[in-house]
1. With a/c under 1.5 counting as rounded, go ahead and sort the stretch 77-146 into rounded, prolate or oblate using the C-alpha gyration tensor (a ≥ b ≥ c being the square roots of the eigenvalues; past the cut-off, prolate if a/b is larger than b/c, else oblate).
2. Take the alpha-carbon positions of the stretch 126-182, form their convex hull, and give its projected area averaged over all directions (one quarter of the hull surface) in nm².
3. Could you pull out the trypsin sites (Lys or Arg not before Pro) across the stretch 102-174 that fall in loop regions by DSSP (anything but H, G, I, E, B) with no more than 12 other Cβ atoms inside 10 Å?
4. Quick one: which of 28-39, 178-189 comes out on top by average Cβ neighbours within 10 Å, and what's the full order, highest first?
5. How much area per residue is accessible in the chain when the probe is 1.4 Å and only protein heavy atoms are counted (Å²)?
6. Please report, in Å, the Rg and the Dmax of the chain, where both are computed over Cα atoms only.
7. Relative contact order for the chain: what is it in percent, counting Cα pairs under 8 Å that are at least 6 residues apart?
8. Calculate what fraction, in whole %, of the accessible area of the chain sits on carbon and sulfur atoms when a 1.4 Å probe is rolled over the protein chains.
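The values are calculated or read from the model by the stated rules, or taken from the named source; none is laboratory data. Note that this is a predicted model, so its numbers are computed, not measured. Reconstructed Cβ throughout: ideal geometry from the backbone, glycine too, with neighbour counts over all protein chains shown. Accessible surface areas use protein heavy atoms only, side chains included; no ligands, DNA or RNA. Shrake-Rupley method; radii C 1.70, N 1.55, O 1.52, S 1.80 Å.
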Amino acid sequence: MVGKIAIWGGNHMPRQGLTQETVVQAAAALIEAEGIDRFSMGELAKRLDVKPASLYNHVKGVDALLEAVGLSAIGQLVEAERQAIAGKGPEEALFALAEAYRTFARVHNQLYRVIMGKNPVLTNRAGEIVQPILQVLSAYGLTRTQQFHWQRVLRGLMYGFAAHEYAGGFSHFPVDENESYRMAIQWVAQSLRQVKEGNHGQPE
C-alpha cells in the first residue's frame with residue numbers, strides 16, 4: 001500500500017483503471033523480475049500496456065517512482081520484523097528476527113537494493129528497519145551504545161548471508177545453508193549474553 005505518497009505530477013486525467021498504487025506495484029514486480037539495473041519507465045509501460053507518457057499522469061518520474069517502491073518495501077520489511085518478534089523472549093526473538101530479515105533480503109533482494117539506494121527520503125525512513133532490531137537487543141540488557149554497534153553487526157551478517165545466497169555463493173559445498181545461518185546467529189546470541197554479563201554493575 002502506497003497511500004498518499006506524492007508521486008503524481010501530471011496535468012492530465014489518469015487513464016481509467018490505472019492508479020498510483022497499481023503503477024507502484026507493477027514497478028516493484030518488474031524490479032523483482034528483471035532487476036533494478038534493468039528497470040525503465042519504457043519497460044514498465046510495456047508491462048502495463050500503456051504508452052510511457054501515460055505513466056506521468058500518475059508519477060512525476062523514475063526517481064519518485066523508485067522512492068515510492070522503496071517506501072513500500074520498507075513497510076513490508078518492518079512489518080515482517082515486528083510480526084517475527086511479537087510476544088517472544090530475547091533469544092527466540094533474535095532467531096525469528098534473523099530469519100525474517102534474511103528471508104526478505106533474499107526473496108526481495110532487488111527491492112532491498114532500492115531501499116539501500118542514495119535517495120535521502122529512503123535513507124531517512126530506512127531507520128525504521130532498525131527499531132525492531134534495537135528492541136530485540138535491548139532485551140539483552142545492552143547499553144544504547146552497545147545496541148547501536150550490535151545492530152550493525154547483526155544487519156551486516158543477515159544481509160551479507162542473504163546476498164551470498166541470492167548470488168549462489170554458498171553452492172560450492174554440500175552442507176545445509178540453514179544450519180550455517182543458525183550457527184552464525186547462535187554466535188551472536190552467545191556474544192550478546194557475554195556482553196550482558198559484562199554489563200552487570202556497570203553504568204548505562
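1. Verdict is oblate for the stretch 77-146.
2. Its Cα hull, projected and averaged over all orientations, spans 4.7 nm².
3. Details: sites: Arg102, Arg106, Arg113, Lys118, Arg125, Arg144, Arg152, Arg155; in loops: Lys118.
Of the trypsin sites (Lys or Arg not before Pro), the ones in loops of the stretch 102-174 whose Cβ has at most 12 other Cβ atoms within 10 Å are Lys118.
4. 28-39, 178-189
5. Working: 11250 Å² over 204 residues.
Accessible surface, normalised per residue, equals 55 Å².
6. For the chain, the Cα-based Rg and Dmax read 20.1, 67 Å.
7. 20 percent
8. Ligands and nucleic acids excluded, carbon and sulfur reach 53 percent.
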